[in-house]
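The values are calculated or read from the model by the stated rules, or taken from the named source; none is laboratory data. Owing to the predicted nature of the structure, the values given are computational and were not obtained by experimental measurement. Neighbour counts are summed over all protein chains in view; Cβ atoms, including those assigned to glycine, are modelled from backbone coordinates with ideal geometry. Surface areas here come from the heavy atoms of the whole protein model, side chains and all, with no ligands, DNA or RNA. Shrake-Rupley method; radii C 1.70, N 1.55, O 1.52, S 1.80 Å.
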Amino acid sequence: MCGIVAYVGYREAYPVILKGLKRLEYRGYDSAGVSLLDHNGLQVYKKKGKVAQLEETLVGQALPATIGIGHTRWATHGEPSDRNAHPHRSASGRLAMIHNGIIENYAQLKKELQNKGYIFHSDTDTEVLLNFIEDIREKNECGLEEAVRIALKRVTGAYVIVLLDQENPGTLIAARKGSPLVIGIGKNEHFLASDASPIIEYTKEVVYVNDYELAILKEDELILKNLGNEKLTPYIQKLDLELAAIEKGGYDHFMLKEIFEQPHTIYDCLRGRLDAKSGQIVMRGVDNHIEALSKAERILMVACGTSWHAGLVAEYIFEELCRIPVEVEYASEFRYRNPVIHPGDIIMAISQSGETADTLVAIEKAKEQDAMIFGILNVVGSSIARASHAGAYTHAGPEIGVASTKAFTAQLTVLTMVALRIAYAKGTISQERYLHLLNELEQVPAKVETALKTEEQIREIAARYADARNMLYLGRGYNFPVALEGALKLKEISYIHAEGYPAAEMKHGPIALVDETLPVVFVATRDSYHEKIVSNIQEIKARKGKVVAIVTEGDELIRSLADETIELPACDELIAPIVNVIPLQLLAYHIGVQKGLDVDKPRNLAKSVTVE
Ligand code: G6P
């Protein structure tokens, strides 16, 4: 979702901003633009479509500015078009602004401004906010910084804004509420971006801007203030991130690279935490709060998208191992309900990006009711990480492909370790089962490696099913959320309509869809539901549906029934989702590729959904 890059320093700003916008493409967007300020004044260039299209229009132009702002827009107010693209210019032409987020009271502000004679050239809430700032500056005859502060006190919604001012050519002014913003600190230069990826090749020193903070950046100065105009001391952190981690490394797509990274990322997630030999799980975030976690009367998992699916798997695991009731909530629903939260409840916020607006607001609401927030997060220093009381990082590294893959398996790995650690402390697991599961977890990277060897077979299966209009994904028990995740991956990447269901529940509706044109993917590895799911496969075959079955190696029974069988190494059923999802990721990927789609940047989707 909207990407922001800005630069002030001694380099030419345009190439820095352009490269930064390309690094942020993964977030999802539909138009791009830059604004540069040099001795000729303020220029704005913007274009519907890809950053490369914007780049084409600027080929050969001399762009010597050393200060500028750039933006990739994911449309909210107004269709994707050149005129709705950012940056926007104020009515006087003096200011240019980029914005990520939504100004909720924009309609009212727009009316006020229109009554004063302002004319708008776009449908965006951004242009309204910009002119509102300009109007305040002119009316109060104050500086831009003060005008921004006054304006933001009247604004409701979420935003990151960055402004360029023709009358103040060496200064960038930025502010944040709700949407992410990182400052990169170089020698005689400063960078601003929605995440660290445009910054790391220049500097590893960063400051994460907090809500209601204002940053005033010059080439050699960084001033951080709150909206009350008090100076704050910037907290400078060192990024633990290498450039290679955000590049494709020889793979055709980030999604494929990330799928193949999983043996390694899962290993990184276990490393230093789990020791099967000594029977130990050491997780500082859990150990420090083990009493509250063990005494929890209920756990509420709050998340969106794939992270919500990780929560669903965790519900089965926590209830089984820890005997703690678990509810899994869509953050977007939870935040608007009046949820009942008791003092002993723990809220687990699961998020890859740590920036998902609904999840962030949901935990802030829960905090108001004194809940303890435990984050399962991938991005270190993200907004949700900072808003949580405790947590555990997934250590999956940057995930660039819009469809989440390695973050999901890392979330499952961490959640399983957390559950085991709590179960051990509570005494709700036998020593034998505990040690067995530790052993099983330790073997996951190797089993995932084996699961990845199915790629060639899956590529062939993908060719046979790429023309399907609909697909059904079925699983039971721990594999039910895996089926949901498989269906989501296919939808996201191939635009084939797919639904996930608990296998038995299909008799209450989806079975009406079954005929010889409907491929049904069964996640049917050997577990306590095996016989039941074999019956479900029979029910589909009896109606001539095509069955693609994910099975445990050597499952001759299902092989004799299914049209396609993909074999995976045997796993304890509690751990199996981490391995079973691999072929489903590959299937979605290869169907998307066969259909010639942009699998890393599927239409309309955003990697990090920073608006509600
Ligand atoms: C978007 C992404 C999904 C992701 C979801 C939740 O929809 O496209 O891949 O699962 O957001 O994101 P989070 O960063 O909170 O896990």
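Of these, 561, 584, 605, which one is modelled with pLDDT of 95 or more, within 16 Å of the ligand (Cβ to nearest atom) and at negative phi? It would help to see each step written out before you state the result.
On the way: 561 fails: within 16 Å of the ligand (Cβ to nearest atom); 605 fails: modelled with pLDDT of 95 or more.
Of 561, 584, 605, the one residue that is modelled with pLDDT of 95 or more, within 16 Å of the ligand (Cβ to nearest atom) and at negative phi is 584.
Please state which one of 492, 460 is under 16 Å from residue 352 (Cβ atoms) and not assigned by TED's automatic domain parsing to the domain that holds residue 326. Give the derivation first.
Numbers: 460 fails: under 16 Å from residue 352 (Cβ atoms).
The conditions single out 492.
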- Which one is surrounded by the fewest Cβ atoms within 10 Å (Cβ to Cβ) among residues in region 196-212 that are part of a strand (DSSP E or B) and out of contact with any Leu (no Cβ under 6 Å at 6 or more places or on another chain)? 205
- Query: Of all residues in region 227-241, which are open to solvent by 70 Å² or more (accessible area, probe 1.4 Å) and among the hydrophobic types (A, V, I, L, M, F, W, C)?
  - Reply: 236
- From the options 391, 397, 401, residue that is outside the structural domain of residue 208 (by TED's automatic domain parsing), within 15 Å of the ligand (Cβ to nearest atom), at pLDDT 95 or above and not basic (Lys, Arg): 391
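Could you say whether any residue in region 500-513 is within 16 Å of the ligand (Cβ to nearest atom), in the same structural domain as residue 584 (by TED's automatic domain parsing) and either farther than 17 Å from residue 537 by Cβ or crowded, with 24+ Cβ neighbours inside 10 Å (or both)?
At the first step, the residues of region 500-513 found to be within 16 Å of the ligand (Cβ to nearest atom) are 500.
Remaining after also requiring in the same structural domain as residue 584 (by TED's automatic domain parsing): 500.
Retained after the next criterion (residues that are either farther than 17 Å from residue 537 by Cβ or crowded, with 24+ Cβ neighbours inside 10 Å (or both)): 500.
Taking every residue of region 500-513 in turn, at least one turns out to be within 16 Å of the ligand (Cβ to nearest atom), in the same structural domain as residue 584 (by TED's automatic domain parsing) and either farther than 17 Å from residue 537 by Cβ or crowded, with 24+ Cβ neighbours inside 10 Å (or both).
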- Note on the structure: The lone condition residue 531 fails out of (1) in a helix (DSSP H, G or I); (2) in contact (Cβ under 8 Å) with a residue 12 or more places away in the chain; (3) closer than 20 Å to residue 552 by Cα is (2)
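Yes or no, residue by residue, for (1) away from the ligand (no atom under 16 Å from the Cβ); (2) closer than 30 Å to residue 159 by Cβ; (3) touching a residue at least 12 places away in the same chain (Cβ under 8 Å):
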position	(1), (2), (3)
218	yes, yes, yes
240	yes, yes, yes
249	yes, no, no
252	yes, no, yes
262	no, no, yes
285	yes, no, yes
288	yes, no, yes
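Counting only residues that are of a type outside the set (Gly, Ala, Ser) and in contact with a strand residue (DSSP E or B) (Cβ under 7 Å, 6 or more places away or on another chain), how many does region 19-49 have? Outline the logic, then answer.
Taking region 19-49 and keeping what is of a type outside the set (Gly, Ala, Ser), we get 19, 21-27, 29-30, 34, 36-40, 42-48.
Filter once more, so that each one left must be in contact with a strand residue (DSSP E or B) (Cβ under 7 Å, 6 or more places away or on another chain): 21, 24-25, 27, 29-30, 34, 36-37, 42-48.
Qualifying residue count for the region: 16.
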- Task: Tally the residues that are assigned to a helix (DSSP H, G or I), open to solvent by 10 Å² or more (accessible area, probe 1.4 Å) and over 15 Å from residue 521 (Cβ atoms), restricting the search to region 540-585.
- Result: 5
- Item | Filter result for residue 305 (more than 16 Å from the ligand (Cβ to nearest atom), out of contact with any strand residue (DSSP E or B) (no Cβ under 8 Å at 6 or more places or on another chain) and not hydrophobic (A, V, I, L, M, F, W, C)) | no
- For region 462-483, what are the residues that are assigned to a helix (DSSP H, G or I) and surrounded by fewer than 23 Cβ atoms within 10 Å (Cβ to Cβ)? 462, 463, 464, 465
- Message: For the structure I just gave you, tell me whether residue 501 is touching a Gly at 6+ places or on another chain (Cβ under 6 Å) and among the aromatic types (Phe, Trp, Tyr).
- Response: no
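Considering each of 26, 14 in turn, give the residue that is within 9 Å of residue 70 (Cβ to Cβ), outside any strand (DSSP E or B) and open to solvent by 10 Å² or more (accessible area, probe 1.4 Å).
Working: 26 fails: within 9 Å of residue 70 (Cβ to Cβ).
When all the criteria are applied, what remains is 14.
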- Options 494, 535, 528: the member that is among the hydroxyl-bearing types (Ser, Thr, Tyr) and over 24 Å from residue 569 (Cα atoms): 494
- Message: I'm told residue 517 meets every condition in (1) within 27 Å of residue 442 (Cβ to Cβ); (2) in contact (Cβ under 8 Å) with a residue 12 or more places away in the chain except one. Can you identify the failing condition by its number?
- Response: (1)
- Message: Restricting to region 153-212, name every residue that is of a type in the set (D, E, K, R) and under 20 Å from residue 66 (Cα atoms).
- Response: 165, 167, 187, 189, 201
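Go through the residues of region 489-497 one by one and say whether even a single one is surrounded by fewer than 18 Cβ atoms within 10 Å (Cβ to Cβ), over 30 Å from the mean Cα position of the chain (by Cα) and not small (Gly, Ala, Ser). Don't jump to the end; show me each part of the working.
Let us first name the residues in region 489-497 that are surrounded by fewer than 18 Cβ atoms within 10 Å (Cβ to Cβ), namely 495, 497.
Narrowing further to those that are over 30 Å from the mean Cα position of the chain (by Cα): none.
Looking for residues that are surrounded by fewer than 18 Cβ atoms within 10 Å (Cβ to Cβ), over 30 Å from the mean Cα position of the chain (by Cα) and not small (Gly, Ala, Ser), one finds none in region 489-497, hence no.
Can you pull out the residues in region 29-39 that are in a loop (DSSP other than H, G, I, E, B) and either within 16 Å of the ligand (Cβ to nearest atom) or buried (at least 20 other Cβ atoms within 10 Å of the Cβ) (or both)? It would help to see each step written out before you state the result.
At the first step, the residues of region 29-39 found to be in a loop (DSSP other than H, G, I, E, B) are 29-30, 39.
29, 30 - these are the residues of region 29-39 that are in a loop (DSSP other than H, G, I, E, B) and either within 16 Å of the ligand (Cβ to nearest atom) or buried (at least 20 other Cβ atoms within 10 Å of the Cβ) (or both).
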- How many residues are surrounded by fewer than 20 Cβ atoms within 10 Å (Cβ to Cβ), under 28 Å from the mean Cα position of the chain (by Cα) and of a type in the set (A, V, I, L, M, F, W, C) if we restrict to region 40-84? 2
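Of the residues in region 238-281, how many are over 22 Å from residue 446 (Cβ atoms) and part of a loop (DSSP other than H, G, I, E, B)?
Here is the first cut: in region 238-281, the ones over 22 Å from residue 446 (Cβ atoms) are 238-248, 250, 252-255.
Those left that are additionally part of a loop (DSSP other than H, G, I, E, B): 239-242, 247-248, 250, 252-253.
Of the residues in that region, 9 qualify.
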- Output the residue which, of all residues in region 335-355 that are among the hydrophobic types (A, V, I, L, M, F, W, C) and at pLDDT 95 or above, is nearest to the ligand (Cβ to nearest atom). 350
- Answer residue from region 356-368, given it is closer than 18 Å to residue 390 by Cα and open to solvent by less than 20 Å² (accessible area, probe 1.4 Å) and is farthest from the ligand (Cβ to nearest atom) among those: 366
- Item | Members of region 378-388 found to be open to solvent by 10 Å² or more (accessible area, probe 1.4 Å), within 9 Å of the ligand (Cβ to nearest atom) and of a type outside the set (S, T, N, Q), listed by number | 379
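Take residue 487 and decide whether it is within 16 Å of the ligand (Cβ to nearest atom), among the hydrophobic types (A, V, I, L, M, F, W, C), closer than 28 Å to residue 317 by Cα and free of Cβ contacts under 8 Å to residues at least 60 places away in the same chain. Please lay out each step first, then the result.
Values: within 16 Å of the ligand (Cβ to nearest atom): yes; among the hydrophobic types (A, V, I, L, M, F, W, C): yes; closer than 28 Å to residue 317 by Cα: yes; free of Cβ contacts under 8 Å to residues at least 60 places away in the same chain: yes.
In short, yes.
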- Note on the structure: Flagged in region 312-334 as open to solvent by less than 20 Å² (accessible area, probe 1.4 Å) and either within 11 Å of the ligand (Cβ to nearest atom) or over 29 Å from residue 576 (Cβ atoms) (or both), in numbering order, are 331
